[in-house]
Amino acid sequence: MHSDIPFINFHSHFLSEDEDVLSVVNIDLGAGQTWNSELKACSVGIHPWHIRKIDIVDQFLRLEDACRQKNVVAVGEVGLDKMQGPELNFQSRVFEQQVEMADHYGKPLIVHCVGAYYELIAIRKKMRTTIPFVVHGFSKNAQVLGDLVKNGCCVSMGTSIIHPASSSRKVLKEVPIEMLFLETDDKQTPIQGVYMAAAEILQIEMDTLKSVIYDNFKRITNPG
């Protein structure tokens, strides 16, 4: 019924050669990666681990160039990390600038967040932006999920839901399905395995799940 609908891998560090998969390939300008015109879909951003004051201006010029490209469907991954990277105040300033860039070009944000969910929500409120934030690799508890959802943030869940003992499986059931995405991140696991686990946990048909995720993807990458 929905065989023409691809599996959306919302955040991946690898390009899938499977014709049934549309991967949003991550490009980190801070790590020296560059926009690639050959990719069907990609996200481009400055990861908080790789922010460097010495070349931040050049990184933003390259980000703006990338944001004009049709295959750049999101700005990311960007965000806040209390465990790694430069001081949080500097991370926050760079993150806010990338939010402004995404806002200007109408792109959703793929967000990396470690230990800074309160700060992330505060920035979203302060900037009064309506562009979608998608917190990738989400594996926190239902309370954090509720705070994010209440403030207009979507979540993307990954390979952790495949493991039977993972607490992420329980949290997945609490995600409003219209705010859900699935991903493999830096894992080589096929995205189909993540979809299979999610369909089982949510007790819905695979074709239905594919259709919902695809609709979510089209909605946030083609606003209006």
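Numerical summary
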quantity: Using alpha-carbon coordinates, inclination of helix 56-67 to the longest axis of the chain, degrees; calculated: 40 degrees
quantity: Span per principal axis, largest first, for the Cα atoms of the stretch 80-135 (Å); calculated: 30, 19, 16
quantity: The stretch 1-71 and the stretch 109-184: distance between their alpha carbon centers, rounded to Å; calculated: 20 Å
quantity: Principal-axis tilt of helix 191-202 within the chain, Cα atoms, nearest 10 degrees; calculated: 60 degrees
quantity: Around residue 173: net Lys/Arg minus Asp/Glu count, Cβ-Cβ under 15 Å; calculated: 0
quantity: The stretch 175-219: C-alpha gyration tensor shape, a/c 1.5 cut-off, then a/b vs b/c; calculated: oblate
quantity: Dipole magnitude of the stretch 89-138, debye to nearest 20 (Cβ charges: Lys/Arg +1, Asp/Glu -1, about Cα centre); calculated: 120 debye
quantity: Amide H partners (placed H, <5 Å) of residue 156, local residues excluded; calculated: 135, 136, 137, 138, 181
quantity: Overall form of the stretch 133-172 per C-alpha gyration tensor (a/c, 1.5; a/b vs b/c); calculated: oblate
quantity: Cα-based helix-to-principal-axis angle, 117-127 vs the chain, degrees rounded to 10; calculated: 60 degrees
quantity: Where labels lie 7 Å past Cα in the beta-carbon direction, separation of residue 18 and residue 97 in nm; calculated: 3.8 nm
quantity: Summed residue charge, Cβ within 12 Å of residue 156's Cβ, Lys/Arg positive, Asp/Glu negative; calculated: -3
quantity: The chain - charge dipole about Cα centre, Lys and Arg +1 at Cβ, Asp and Glu -1, debye rounded to 20; calculated: 780 debye
quantity: Estimated distance in nm for a label pair at residue 208 and residue 170, the labels positioned 7 Å out from Cα along Cα-to-Cβ; calculated: 2.4 nm
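Bear in mind that the values in this text are calculations on the coordinates, not laboratory data. All values reported here derive from a predicted model rather than from experimental measurement. In this analysis, Cβ positions are derived from the backbone assuming ideal geometry, glycine residues included, and neighbour counts consider all displayed protein chains.
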